[in-house]
Each structure stands twice: as C-alpha cells, then as structure tokens.
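The values are calculated or read from the model by the stated rules, or taken from the named source; none is laboratory data. As the structure is a computational prediction, the values presented were derived from the model and not from experiment. With ideal geometry, Cβ positions are generated from the backbone for all residues, glycine too; neighbour counts draw on all protein chains shown. The accessibility values were calculated without ligands, DNA or RNA, using every heavy atom of the protein model including side chains. Shrake-Rupley method; radii C 1.70, N 1.55, O 1.52, S 1.80 Å.
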Amino acid sequence: MKKIVLFYIEDCPYCLSARKAITELKTEYPPYSKLLIQRIDETVHPEIADQYDYYHVPTFFVDDKKIYECTPSDSYKTIKENVKKVLDAAL
C-alpha cells in the first residue's frame, strides 16, 4: 500500500466533505480501511504544507504525487468520486 497525505483545514466545508467521503468509502469497500492517511492541517503545519505544490484544500497526494486537489466548484459527488480515485491509487 502506498502513502497517502491529505492536506486540509479544520473548518473547511470541502475538507469535511472529503472526510465524510472517506468514511463512506471505507464502509462500502472494507479494503480501504487498511489504508493509512496522514492528515496534515496546513494551518498547524505550514512548514510541511509549503513543501508541496497545491493551492486548494483538501488535496491528496499518493507517494508524493498529487492525485486530487479540490476546487471551490466541486460538489460532494465530485469529491467522493475523486477520493475513491485516491484510495484506489494507494491500494
């Protein structure tokens, strides 16, 4: 399994949607539960966030490759579809 890094901000509504999608996907497909996601709050650890190339949160990297960066126009459906791609990439 590959390393997943998730950059987020605690009160970001898109980040909350991504967390909800992760929970749902782990329930729908139990092998996802084995994946470990390193969650980094960019407001708490800006020194780590500055080492990565992204603008919006949530943003997911798998083995240091950006797989999904949410945009303000993303719906919950879009977020969940992309989170699934992230989890699939890490399996």
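Using only side-chain charges placed at the Cβ, +1 for Lys and Arg and -1 for Asp and Glu, the dipole size of the chain relative to its Cα centre rounds to 520 debye. Longest segment of the chain with no trypsin sites (Lys or Arg not before Pro) in a DSSP loop having at most 16 other Cβ atoms within 10 Å? Between exposed loop sites, the widest span is 4-91. For the chain, the solvent-accessible area with a 1.4 angstrom probe is 59 square angstrom per residue. Taking only the alpha carbons of the chain, we obtain Rg and Dmax values of 12.1, 35 Å in that order. Listed by chain and number, the lysines whose C-alpha is less than 18 Å from the C-alpha of residue 66, apart from same-chain residues fewer than 8 away, are 2, 3, 80, 84, 85.
In the chain, taking the dipole from charged Cβ atoms about the Cα centre, the farthest positive-side position among 1, 14, 48 is held by 1. Derived scalar couplings between HN and Hα for region 18-29 equal 5, 5, 4, 4, 4, 4, 4, 5, 5, 6, 6, 9 Hz in order, rounded to whole Hz, by the Karplus curve 6.51 cos²θ - 1.76 cosθ + 1.60 (θ = phi - 60°), x for Gly and Pro.
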